[in-house]
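The values are calculated or read from the model by the stated rules, or taken from the named source; none is laboratory data. Note that this is a predicted model, so its numbers are computed, not measured. Note that we place each Cβ from the backbone using ideal geometry, even for glycine, and neighbour counts take in every protein chain shown. The protein model used for the area step is the full one, side chains on, heavy atoms only, and it has no ligands, DNA or RNA in it. Shrake-Rupley method; radii C 1.70, N 1.55, O 1.52, S 1.80 Å.
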Amino acid sequence: MDLTLHVWRQKGPKDKGKLATYKATDISPDMSFLEMMDVVNEGLIKQGIEPVAFDHDCREGICGTCSQVINGDPHGPQAKTTVCQLHMRQFKDGDEIYIEPWRSRAFPVIRDLVVDRSAMDRLIQAGGYVSVSTGGVPDANAILIPKDDAETAMDAAECIGCGACVAACPNGSAMLFVASKVGQLAKLPQGRAEAARRVCTMTDAMIEEGFGNCSNHYDCEAACPKGISVKFIAQLNREYIMALPKGYKEKE
Amino acid sequence: MPLKHLIRSAVGRKLFMAATGFILFGFVVAHLLGNLSIYLGADGINAYARHLHQLEPLLWVFRLGLLAAVGLHVLFGIILTLENRSARPVAYKRKKHPRSSLAGRTMIYSGLLLATFIGLHLLHFTFRTIGPQIEMLNGDMPNVFRMIVDSFRQAGYALTYVAAMTVLFFHISHGFASLFQTSGINNEVTLPWLGRLSRTVAIILAAGFVSIPVLIFFGLVIK
Ligand code: HEM
Ligand code: SF4
Ligand code: FES
């Protein structure tokens, strides 16, 4: 099939950037979206045009690197699917496709569709971990965890840190990402100890990094390739309320 | 936890929005129940107004509390909205909204329209600086029934109130469900129907308020 692509081209963080229009011809419906982009890039190279820079790594939906807003949907039109797992059979011959980077103040564009997502790493550094004392390796089943809690924690742990929730959110908020980490760790006895501090430090870091606040719009859940539920945001809010009486020390 | 942290936190400020929104919502419900006494005729609503004024000192406590709630709600509403806007300096050329509602994304506009309406409404029925002249009943109590009926016989007033209550519908249709999510009272069981409940509550409230100017304007039920 033949398609018309409108792709965001931006030379660097300082460049204003604009949409460029390219033809994608003889595309097989069995190609993945990224394979289609590879074909288009080969064509551009032959014409002496700089190929479109885009992020990708595993191409099997687990690393969270691929990141494109396709016709207004982060990760494209198919629910619970990363760009790399999206196939061209989701499109029709003659379609016009708009491809843009994640847009957020916290994610500066490096080039074309590639953005700098290290702000999310700093959110994790702010509290998305459990402190473990050095010493012998604890016995795997020494701490019993109720099955329901383990499963809820695993649901939250499915987050691959792609940032589509931020890209989808009308407020550019990272609340779903933060909530998935807060929710996962708060459900487990190992994470419970630091739960109160974690919810404060992570949500504070979110504002410091320039992400927006949550207005309960839920576009994040629709965009999330792992289907992380906004119930974790409700849980985050609950964790914050429970942290209130504990008193929170600013950075130590 | 120091208040200082609460008013800077992403969650803390939303808790202020929810707490003040809850107070305003409670007031709106109580106000509607009071207004419905107009269906008992002139005696009904005038008796209600008289009882309300007999609570005088307590009434002022309520009024000041409401004023504080509105003030905080507007203040944090504006701060949050400005911050959220600045989180996306470059807009998308194409953007879909698969889950969010128009009502949700325009809370600041419905909110500011409501603030304008509240000002107008106070000038109209509380300070009586606008609207038709009305007689006083024994002492300084206005004839509330006549005041309302004479106003809503005029298309301008009836339409303004109907429009304002439509705006209220939009604000509550997102706000009511938001209350639960923000205060953490939400999970996978309640999530699917909370949105629908919210729209139903908003419809009932708005329809209750709207019924009064509409029925008066067309001269139905209330003569
Ligand atoms: C009758 C008056 C009002 C009622 C009953 C009301 C109710 C509510 C409720 C219940 C919420 C949800 C809070 C939450 O997220 O948990 C809300 C949110 C909001 N209100 Fe109001 N409100 C009123 C007036 C106003 C006014 C005058 C403004 C003007 C600025 C305003 C601006 C907002 C904004 C911007 C939000 C969304 C905040 C966010 O989620 O980012 N509201 N309101
Ligand atoms: S919550 Fe979903 S959309 Fe957000 S970073 Fe994690 S996997 Fe990506
Ligand atoms: S490239 Fe790894 S998830 Fe898409």
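Figures for the structure shown
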item	result
Members of the stretch A:157-185 that are surrounded by fewer than 24 Cβ atoms within 10 Å (Cβ to Cβ) and more than 8 Å from ligand 2 (Cβ to nearest atom)	A:ALA157, A:PRO170, A:GLN184
So B:PHE27, is it open to solvent by 30 Å² or more (accessible area, probe 1.4 Å), among the hydrophobic types (A, V, I, L, M, F, W, C) and within 30 Å of B:LEU137 (Cα to Cα)	yes
Unmet requirement for B:THR116, which otherwise passes all of (1) within 14 Å of another protein chain (Cβ to nearest Cβ); (2) at pLDDT 95 or above	(1)
Boolean, A:ALA205 is of a type in the set (A, V, I, L, M, F, W, C), away from ligand 2 (no atom under 16 Å from the Cβ) and either crowded, with 24+ Cβ neighbours inside 10 Å or assigned by TED's automatic domain parsing to the domain that holds A:THR152 (or both)	no
Filter result for the condition that a residue is under 23 Å from A:PHE232 (Cβ atoms) and modelled with pLDDT of 95 or more, over A:ASP112, A:ASP121, A:ASP116	A:ASP121
Residues that are out of contact with any strand residue (DSSP E or B) (no Cβ under 6 Å at 6 or more places or on another chain) and part of a loop (DSSP other than H, G, I, E, B), drawn from the stretch B:132-150	B:PRO132, B:GLN133, B:GLU135, B:ASN138, B:GLY139, B:ASP140
Flag if A:SER180 is within 8 Å of another protein chain (Cβ to nearest Cβ) and over 22 Å from B:LEU80 (Cα atoms)	no
Among (1) facing chain B (nearest Cβ under 7 Å); (2) crowded, with 24+ Cβ neighbours inside 10 Å - the single one A:LYS231 does not satisfy	(2)
Criterion violated by B:TYR109 - all others in (1) within 10 Å of ligand 1 (Cβ to nearest atom); (2) open to solvent by less than 80 Å² (accessible area, probe 1.4 Å) satisfied	(2)
Filter result for A:ILE145 (in the same structural domain as A:LYS226 (by TED's automatic domain parsing), open to solvent by less than 70 Å² (accessible area, probe 1.4 Å) and in contact (Cβ under 8 Å) with a residue 12 or more places away in the chain)	yes
The stretch A:134-165: number of residues that are away from ligand 3 (no atom under 16 Å from the Cβ), within 25 Å of A:GLY212 (Cβ to Cβ) and not small (Gly, Ala, Ser)	1
Sole exception among (1) away from ligand 3 (no atom under 14 Å from the Cβ); (2) in contact with a strand residue (DSSP E or B) (Cβ under 8 Å, 6 or more places away or on another chain); (3) within 14 Å of another protein chain (Cβ to nearest Cβ) for A:SER67, by number	(1)
Residue check for B:ALA207: hydrophobic (A, V, I, L, M, F, W, C), modelled with pLDDT of 95 or more and open to solvent by less than 20 Å² (accessible area, probe 1.4 Å)	no
Residue match in the stretch B:51-65 (condition: open to solvent by less than 80 Å² (accessible area, probe 1.4 Å) and either within 16 Å of ligand 3 (Cβ to nearest atom) or within 13 Å of chain A (Cβ to nearest Cβ) (or both))	no
Selection from the stretch B:145-163 of residues that are crowded, with 20+ Cβ neighbours inside 10 Å and within 15 Å of B:GLY119 (Cα to Cα)	B:TYR157, B:TYR161
Any chance B:MET141 is at pLDDT below 95 and either surrounded by 18 or more Cβ atoms within 10 Å (Cβ to Cβ) or under 26 Å from B:PHE217 (Cα atoms) (or both)	yes
Residue check, A:SER104 surrounded by 16 or more Cβ atoms within 10 Å (Cβ to Cβ), hydroxyl-bearing (Ser, Thr, Tyr) and within 16 Å of ligand 3 (Cβ to nearest atom)	no
Residue tally, condition in contact (Cβ under 8 Å) with a residue 12 or more places away in the chain, β-branched (Val, Ile, Thr) and either at the interface with chain B (Cβ under 8 Å from one of its Cβ atoms) or touching a Leu at 6+ places or on another chain (Cβ under 8 Å) (or both), over the stretch A:201-228	2
Which listed residue is in contact (Cβ under 8 Å) with a residue 12 or more places away in the chain and outside any loop (DSSP other than H, G, I, E, B), from B:ALA207, B:ALA115	B:ALA115
Any hit, the stretch B:78-92, residues being among the acidic types (Asp, Glu) and more than 9 Å from chain A (Cβ to nearest Cβ)	no
Number of the condition not met by B:GLN181 [criteria: (1) in a helix (DSSP H, G or I); (2) open to solvent by 20 Å² or more (accessible area, probe 1.4 Å)]	(2)
